[in-house]
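Q: Here it is, the structure in full.
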């Protein structure tokens, strides 16, 4: 039979409620009493039932982690950093896969069933209203990688995707390319819309440069490869800004399979600086998104919200930088 709290109480010579208080952070119990209980628990091999204690504290220590792009290897890094960061604070992630889902009603209902203490939406494709649905239900919410806003309805941590589009355009212009294209992820994703807006606005300052734009159906290798194969049916542009590294790697794969040299015939720049971008056989020039800073900040803000339910929404935006590697040619012309 498993060891119970009553067993610990009997061994320590205290009441059952004293055992409960000893394992409840912030509860009123003397240091001497806590040590007696902890020593007895250690001797018996007892661990408190966290779910049972939540009935007393009204805190489950569960944080809903919502995402929708599991096809992208970047999510492995995102999930690793989020889960470790939560666990270090004694919290646990409850992962919710929303691939193909854009209606928040089911997600809110599901996470309500588990009585999560808070929710982190880790997505650049879900609409801003998705995160707000949790806030409307009184659930502390942070939208990581969300759309930048001056006066956000919920707390947002991420990057300025419009500025990233401008940075990519400037990088291609500085190389001397006169024919460029944008390959985005899902067309309705706010990150795609903002990146193409910044890209086209910057290129528009140079009327001599020809520009096109198109969209893949996901931020994934497969989607990037398929879209590039479609584009190669006509004459391709000299260089492309792919709104995600996975898209870029897929597009490069299609171009090389079709007999084009990268970067000799077609140049590429991505966004994120995911691990595979630095691999020797990829060597992708890209815009580095500070993933670790975004996640650490998201966690800090979530912890603040758990302590202060009246925490005002805010937007925290981190700058990006271009990482030059080997998929663009300087002084193209």
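Just so you know, all these numbers are worked out from the coordinates, no wet-lab data involved. Because the structure is a prediction, the values reported are computed rather than measured. Cβ atoms come from the backbone with ideal geometry, glycine included; neighbour counts cover every protein chain shown.
Q: So what is the relative contact order for region 161-289, in percent, with contacts set as C-alpha pairs under 8 Å and at least six apart?
A: 24
Q: Right, here's the next one. Note the angle between two axes, namely the Cα long axis of helix 291-307 and the longest principal axis of the Cα atoms of the chain, as a number of degrees from 0 to 90, rounded to the nearest 10.
A: 30
Q: Oh, and also: What distance in nm separates the two pseudo spin-label positions at residue 113 and residue 34, each 7 Å out from Cα along the beta-carbon direction?
A: Distance between the two pseudo-spin positions: 3.7 nm.
Q: Between residue 42 and residue 77, 0.36 nm times their residue separation minus their Cα-Cα distance comes to what?
A: 9.1 nm
Q: Order the peptides 248-256, 207-215 from the highest to the lowest mean number of other Cβ atoms within 10 Å of their residues.
A: So the peptides 248-256, 207-215, ranked by packing, come out 248-256, 207-215.
Q: Using a Gaussian network model of the chain with C-alpha springs under 10 Å, which one of 33, 274, 302 is most mobile by mean-square fluctuation?
A: 33
Q: Would you mind calculating the relative contact order of the chain from Cα pairs under 8 angstrom and at least 6 residues apart, reporting the percent as a whole number?
A: Worked out over the chain, it gives 15 percent.
Q: Does region 161-289 come out rounded, prolate or oblate, given a ≥ b ≥ c as the square roots of the eigenvalues of its C-alpha gyration tensor, rounded meaning a/c under 1.5 and, failing that, prolate meaning a/b above b/c?
A: rounded
Q: Could I ask something else about it? Run the quick spin-label model on residue 187 and residue 106: label points 7 Å from Cα toward the beta carbon, then report their separation in nm to one decimal.
A: Spacing of the two 7 Å Cα→Cβ label points: 2.4 nm.
Q: A further question on this structure: Ranked from highest to lowest mean number of other Cβ atoms within 10 Å per residue, what is the order of the peptides 39-45, 17-23, 60-66, 239-245?
A: So the order, starting with the most tightly packed, is 239-245, 60-66, 17-23, 39-45.
Q: For region 213-258, what is the relative contact order in percent, using Cα pairs closer than 8 Å and at least 6 residues apart in sequence?
A: Reported as a whole number, the value is 49 percent.
Q: Between residue 17 and residue 230, what is the label-point separation in nm under the 7 Å Cα-to-beta-carbon projection?
A: In this crude label model, residue 230 to residue 17 measures out at 6.7 nm.
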